[in-house]
Amino acid sequence: MAILEILNYPDPRLHTVAKPVKEVDTHIRRLIKDMAETMYAAPGIGLAATQVNQHIQLIVIDTSETKDQLLVLINPKIIARSGSQDYEEGCLSVPGIYESVTRAEKITVQALDANGTQFTLDADGLLSVCIQHEMDHLLGKVFVEYLSPLKRNRIKTKMVKLQRDR
């Protein structure tokens, strides 16, 4: 297993729209393991393949306290949503930045698991927010794009400065 490099906003590769996974094979299962290891090491609760410069529809999530309940979503689709909630979000691609974003309160998502088996999941609260946040990455969208242009520009300036100072 390997720790992968996480792209940082405003890297233009974060705006790449991910393609569906055609086959859940050895390569995909290896990427799942590497992404999980990267997410846990960061530390984070979700990671989309886009964030590690792999532009396929693959997400790993673990919102558990014990960090032993890995959820894998391949080719996820939200098939139902209801309600509304504001949640303070952060992102491994925008380290140190936390802002409130409004998203659906409850969602039903359909996806493939790590074995390529289709499943349906009902999610609310933090899990719902996390799934929606990671699915945005697959569409080439970063959570700061929900913020006002002024806030977004401040964050972009801060991130560029951080990368320059490394």
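Side notes on the structure shown:
Here's the yes/no breakdown for (1) of a type in the set (A, V, I, L, M); (2) over 26 Å from GLU5 (Cα atoms); (3) in contact with a helix residue (DSSP H, G or I) (Cβ under 8 Å, 6 or more places away or on another chain); (4) part of a strand (DSSP E or B):
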residue	(1), (2), (3), (4)
VAL109	yes, yes, yes, yes
GLY116	no, no, no, no
THR120	no, yes, no, yes
LEU127	yes, no, no, no
MET135	yes, no, no, no
ARG154	no, no, no, no
LEU162	yes, no, no, no
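- Residue within the range 60-75 that is farther than 22 Å from ILE3 by Cα, modelled with pLDDT of 95 or more and either not in a loop (DSSP other than H, G, I, E, B) or not aliphatic (A, V, I, L, M) (or both) present: yes
- Search result, residues across the range 94-145 that are touching a strand residue (DSSP E or B) at 6+ places or on another chain (Cβ under 9 Å), of a type in the set (Gly, Ala, Ser) and either surrounded by fewer than 18 Cβ atoms within 10 Å (Cβ to Cβ) or farther than 15 Å from SER82 by Cβ (or both): GLY96, SER100, ALA111, ALA114, GLY116, GLY125
- Per-region count, the range 1-50, residues in contact with a strand residue (DSSP E or B) (Cβ under 8 Å, 6 or more places away or on another chain), of a type outside the set (Val, Ile, Thr) and part of a helix (DSSP H, G or I): 5
- From GLN118, GLN132, residue being farther than 18 Å from SER64 by Cβ, touching a Lys or Arg at 6+ places or on another chain (Cβ under 6 Å) and among the polar types (S, T, N, Q): GLN132
- Residue in the range 89-102 that is outside any strand (DSSP E or B), touching a residue at least 60 places away in the same chain (Cβ under 8 Å) and under 17 Å from ALA48 (Cβ atoms) present: yes
- All told, SER148 falls short of being among the hydroxyl-bearing types (Ser, Thr, Tyr) and either more than 24 Å from ARG103 (Cα to Cα) or surrounded by 12 or more Cβ atoms within 10 Å (Cβ to Cβ) (or both).
- Options THR16, THR38: the member that is over 20 Å from LEU139 (Cα atoms) and polar (S, T, N, Q): THR38
The values are calculated or read from the model by the stated rules, or taken from the named source; none is laboratory data. Predicted model only: the values in this text are computed from it and were never measured. All Cβ positions, glycine included, derive from the backbone under ideal geometry; neighbour counts span all protein chains shown.
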